[in-house]
Amino acid sequence: MDKLKGKGKEAVGKLTGDRRKESEGKADQAKASAKDKVDEAGDRAKGVTDSLRDDK
(Lines give C-alpha, C1' and ligand atoms only; values in the text may rest on other atoms or scores of the structure.)
Protein backbone atom coordinates (compact mmCIF):
# COMPACT_ATOMS: atom_id res chain seq x y z
CA MET A 1 0.00 0.00 0.00
CA ASP A 2 2.81 2.41 0.86
CA LYS A 3 4.54 1.67 -2.45
CA LEU A 4 1.36 2.51 -4.33
CA LYS A 5 0.98 5.76 -2.41
CA GLY A 6 4.58 6.64 -3.22
CA LYS A 7 4.11 5.87 -6.90
CA GLY A 8 1.07 8.11 -6.94
CA LYS A 9 2.93 10.99 -5.33
CA GLU A 10 5.82 10.55 -7.72
CA ALA A 11 3.49 10.55 -10.73
CA VAL A 12 1.66 13.67 -9.54
CA GLY A 13 4.98 15.38 -8.95
CA LYS A 14 6.18 14.53 -12.46
CA LEU A 15 2.94 15.73 -14.06
CA THR A 16 2.86 19.01 -12.16
CA GLY A 17 6.60 19.63 -12.18
CA ASP A 18 6.66 19.53 -8.38
CA ARG A 19 10.08 18.09 -7.62
CA ARG A 20 9.39 17.99 -3.90
CA LYS A 21 6.26 15.85 -4.35
CA GLU A 22 8.17 13.59 -6.74
CA SER A 23 10.95 13.17 -4.19
CA GLU A 24 8.45 12.44 -1.43
CA GLY A 25 6.97 9.71 -3.59
CA LYS A 26 10.35 8.14 -4.19
CA ALA A 27 11.12 8.32 -0.46
CA ASP A 28 7.80 6.67 0.39
CA GLN A 29 8.60 3.84 -2.02
CA ALA A 30 12.07 3.39 -0.51
CA LYS A 31 10.60 3.24 3.01
CA ALA A 32 8.05 0.66 1.90
CA SER A 33 10.79 -1.47 0.33
CA ALA A 34 12.89 -1.29 3.49
CA LYS A 35 9.88 -2.26 5.61
CA ASP A 36 9.22 -5.24 3.33
CA LYS A 37 12.83 -6.40 3.72
CA VAL A 38 12.64 -6.16 7.51
CA ASP A 39 9.37 -8.10 7.52
CA GLU A 40 10.89 -10.80 5.28
CA ALA A 41 13.90 -11.12 7.57
CA GLY A 42 11.61 -11.49 10.58
CA ASP A 43 9.62 -14.18 8.82
CA ARG A 44 12.80 -16.07 7.96
CA ALA A 45 14.05 -15.82 11.53
CA LYS A 46 10.73 -17.14 12.82
CA GLY A 47 10.96 -20.03 10.38
CA VAL A 48 14.43 -20.91 11.60
CA THR A 49 13.43 -20.82 15.26
CA ASP A 50 10.32 -22.89 14.52
CA SER A 51 12.39 -25.50 12.71
CA LEU A 52 14.88 -25.68 15.58
CA ARG A 53 12.05 -26.28 18.02
CA ASP A 54 10.61 -29.02 15.79
CA ASP A 55 13.93 -30.89 15.79
CA LYS A 56 13.86 -31.46 19.55
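With at pLDDT 95 or above and in a helix (DSSP H, G or I) as the only criterion, which of Ala11, Ala41, Ala45 stands out?
That would be Ala11, the only listed residue that is at pLDDT 95 or above and in a helix (DSSP H, G or I).
Return the residues of the chain that are among the hydroxyl-bearing types (Ser, Thr, Tyr) and more than 15 Å from the chain's Cα centre (by Cα); say none if nothing qualifies. Outline the logic, then answer.
Let us first name the residues in the chain that are among the hydroxyl-bearing types (Ser, Thr, Tyr), namely 16, 23, 33, 49, 51.
Correct list: Thr16, Ser23, Thr49, Ser51.
Could you tell me whether segment 12-19 includes any residue that is open to solvent by 50 Å² or more (accessible area, probe 1.4 Å), without any contact (Cβ under 8 Å) to a residue 60 or more places away in the chain, among the hydrophobic types (A, V, I, L, M, F, W, C) and in contact with a helix residue (DSSP H, G or I) (Cβ under 7 Å, 6 or more places away or on another chain)?
yes
The values are calculated or read from the model by the stated rules, or taken from the named source; none is laboratory data. What you are looking at is a predicted structure, and each value in this text was computed from that prediction instead of being measured. Here the Cβ is made from the backbone with ideal geometry for all residues, glycine too, and neighbour counts use every protein chain on show. Ligands, DNA and RNA are stripped out before the accessible areas are found, and what is left, the full protein with its side chains, is counted by its heavy atoms. Shrake-Rupley method; radii C 1.70, N 1.55, O 1.52, S 1.80 Å.
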